[in-house]
Amino acid sequence: MKKIMLSLFIAFGFSACSLSNDDNTNVDCGTYSDVSFTGYPFYCNYSMVTNQTTPAALVTISQEKMEQYFKKHDNTCPNSSNPTIDFTKNFLVGIFSGLKPTSGYTIKITSIIENKCQLVINYYEKAPLPGETISSAATYPSDFILIPKTSKPIVFNKTTESPDNIVIGSFNNKCTGADCQSFFQINDFNILKFQNVVAGGYDFNQYRYTSTTKRGDYTALLKNVPSEILSIQGQTKTYGSPDSADQGGVYFELRQGIKITRIYIDNNDTTDQGTEIKLFKKAIKDKIAGLK
């Protein structure tokens, strides 16, 4: 397996990150298996003590190291909370693109695999897209996750992925149960289950999520999107009056390049919902039921 490495700075008391691109063929490491991880909306509550100006990765294994590298600030995300990390069970992993001249740059962890010898964290980077609105202020793209505590060497592997994705969800603002707000992001490389989504708070960057590696679901679901919805690309449309009483609704969001399409569909079959929309609403509900 060929590794393309970030340069690393390490918050370990011991070195646990492999910098080698050469596999040791004398060791039987077994097969790779997927590792689940939790997305951590770090920027809501923390910032770096010093901005990281070069590409790097940081693995934080204790509260002492947390306080050394990061400073806490007031919560800037109205619907988010970042409870204290239990370092007896988890490590905090951060990856950094370094200093960028404008906005529009992204770095994102996509999946984790491990065998008996090492743990591999896969990630991709994105540059500003043609036509994307950007600011001229310098940025420092980063991404943070929680991984299960490990003593294995950690390798960072750069991949090529499309950031296009679909978010599907069911919502009911009058409901108070655990499943009242169920939202998932579907990429072509993984599925994210968002935690504790607040009714109407659909900026999904502010929520923790659990990640499951799954290939091809975005492409498969995109084929079922009605042409009526695809034709309104980059806009928002509501069918019926979701949540006008206690009936709730279905949420659909399509991100393709710089265009974001958002759809709200009443759970009741209203007159503005044609046959294709009703079938698509059912398909979303079935997909959500299968992902719960």
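The values are calculated or read from the model by the stated rules, or taken from the named source; none is laboratory data. All values derive from a computational prediction rather than experimental measurement. Don't worry about glycine lacking a Cβ; one is built from the backbone with ideal geometry, like all the others, and counts go over all protein chains shown. For the accessible areas, the whole protein counts, side chains as well, though only heavy atoms, and no ligand, DNA or RNA atoms are used. Shrake-Rupley method; radii C 1.70, N 1.55, O 1.52, S 1.80 Å.
Of all the numbered requirements in (1) outside any strand (DSSP E or B); (2) out of contact with any Cys (no Cβ under 6 Å at 6 or more places or on another chain); (3) in contact (Cβ under 8 Å) with a residue 40 or more places away in the chain; (4) within 30 Å of Ser33 (Cα to Cα), Lys116 misses one, and that requirement is (2). Against the list (1) open to solvent by less than 30 Å² (accessible area, probe 1.4 Å); (2) on the phi < 0 side of the Ramachandran plot, the condition Gly98 fails is (2).
I want to confirm something. Restricting to region 52-66 and keeping residues that are touching a residue at least 12 places away in the same chain (Cβ under 8 Å) and more than 17 Å from Ile147 (Cα to Cα), which single residue is least open to solvent (accessible area, probe 1.4 Å)? Don't jump to the end; show me each part of the working.
Start the filter on region 52-66 by keeping residues that are touching a residue at least 12 places away in the same chain (Cβ under 8 Å), which leaves 52-63, 65-66.
Checking the rest, the ones that are also more than 17 Å from Ile147 (Cα to Cα) come to 52-56.
Numbers: Gln52: 37, Thr53: 82, Thr54: 70, Pro55: 62, Ala56: 3 Å².
This residue is Ala56.
Taking the criterion of being in contact with a strand residue (DSSP E or B) (Cβ under 6 Å, 6 or more places away or on another chain), at pLDDT below 50 and open to solvent by 80 Å² or more (accessible area, probe 1.4 Å), the only residue of region 1-51 that qualifies is Ile4.
When only residues in region 233-263 that are of a type in the set (Val, Ile, Thr) and touching a strand residue (DSSP E or B) at 6+ places or on another chain (Cβ under 6 Å) count, which is surrounded by the fewest Cβ atoms within 10 Å (Cβ to Cβ)?
Narrowing region 233-263 to residues of a type in the set (Val, Ile, Thr): 236, 238, 250, 258, 260-261, 263.
Filter again for touching a strand residue (DSSP E or B) at 6+ places or on another chain (Cβ under 6 Å), leaving 236, 238, 250, 261, 263.
Working: Thr236: 11, Thr238: 13, Val250: 22, Thr261: 20, Ile263: 25.
Residue satisfying both the conditions and the ranking: Thr236.
On the basis of being open to solvent by 30 Å² or more (accessible area, probe 1.4 Å) and either of a type outside the set (A, V, I, L, M, F, W, C) or farther than 29 Å from Thr38 by Cα (or both), does Ser182 make the cut? So Ser182 fails the test.
Each row is one residue, and each column tells you yes or no for (1) under 30 Å from Thr84 (Cβ atoms); (2) touching an Asp or Glu at 6+ places or on another chain (Cβ under 8 Å); (3) part of a strand (DSSP E or B).
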| position | (1), (2), (3) |
| --- | --- |
| Tyr218 | no, yes, no |
| Gly234 | no, no, no |
| Ala245 | no, no, no |
| Arg255 | no, yes, yes |
| Lys281 | no, no, no |
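Of the residues making up region 185-194, those that are open to solvent by 10 Å² or more (accessible area, probe 1.4 Å) and not hydrophobic (A, V, I, L, M, F, W, C) number 3. Pairs, please: C-beta under 7 Å, at least 6 apart or cross-chain, first residue in contact (Cβ under 8 Å) with a residue 40 or more places away in the chain and in region 25-46, second open to solvent by less than 90 Å² (accessible area, probe 1.4 Å) and part of a helix (DSSP H, G or I)? So the pair list comes out as Pro41/Gln206; Cys44/Gln206.
I'd like to verify a number: residues in region 195-220 that are of a type in the set (Gly, Ala, Ser), closer than 19 Å to Asn122 by Cα and surrounded by 15 or more Cβ atoms within 10 Å (Cβ to Cβ), how many?
Filtering region 195-220 for residues of a type in the set (Gly, Ala, Ser) gives 199-201, 211, 216, 220.
Then keep just the ones that are closer than 19 Å to Asn122 by Cα; that gives 211, 216.
Of the ones still in play, those that are also surrounded by 15 or more Cβ atoms within 10 Å (Cβ to Cβ) are 211.
Residues flagged as of a type in the set (Gly, Ala, Ser), closer than 19 Å to Asn122 by Cα and surrounded by 15 or more Cβ atoms within 10 Å (Cβ to Cβ) within region 195-220 amount to 1.
Condition check: assigned to a loop (DSSP other than H, G, I, E, B) and either at pLDDT 95 or above or within 16 Å of Thr213 (Cβ to Cβ) (or both). Does Thr102 satisfy that? Criteria met by Thr102. Give region 221-231 a look and list any residue that's surrounded by fewer than 14 Cβ atoms within 10 Å (Cβ to Cβ), within 26 Å of the chain's Cα centre (by Cα) and assigned to a loop (DSSP other than H, G, I, E, B), or say none. Lys223, Asn224, listed by residue number.
So that you can scan it fast, the table gives a plain yes or no per residue for (1) out of contact with any strand residue (DSSP E or B) (no Cβ under 8 Å at 6 or more places or on another chain); (2) under 13 Å from Asp143 (Cβ atoms):
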residue: Glu67; (1), (2): yes, no
residue: Leu92; (1), (2): no, yes
residue: Ser103; (1), (2): no, no
residue: Ile109; (1), (2): no, yes
residue: Asn115; (1), (2): no, no
residue: Asn122; (1), (2): no, yes
residue: Gly131; (1), (2): yes, no
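Could you run through region 103-130 and say how many residues are among the β-branched types (Val, Ile, Thr) and in contact with a Pro (Cβ under 7 Å, 6 or more places away or on another chain)? Within region 103-130, residues that are among the β-branched types (Val, Ile, Thr) and in contact with a Pro (Cβ under 7 Å, 6 or more places away or on another chain) number 2.
Scanning region 137-179 for residues that are within 25 Å of Pro83 (Cβ to Cβ), open to solvent by 40 Å² or more (accessible area, probe 1.4 Å) and in contact with an Asp or Glu (Cβ under 7 Å, 6 or more places away or on another chain) yields one hit, Asn173.
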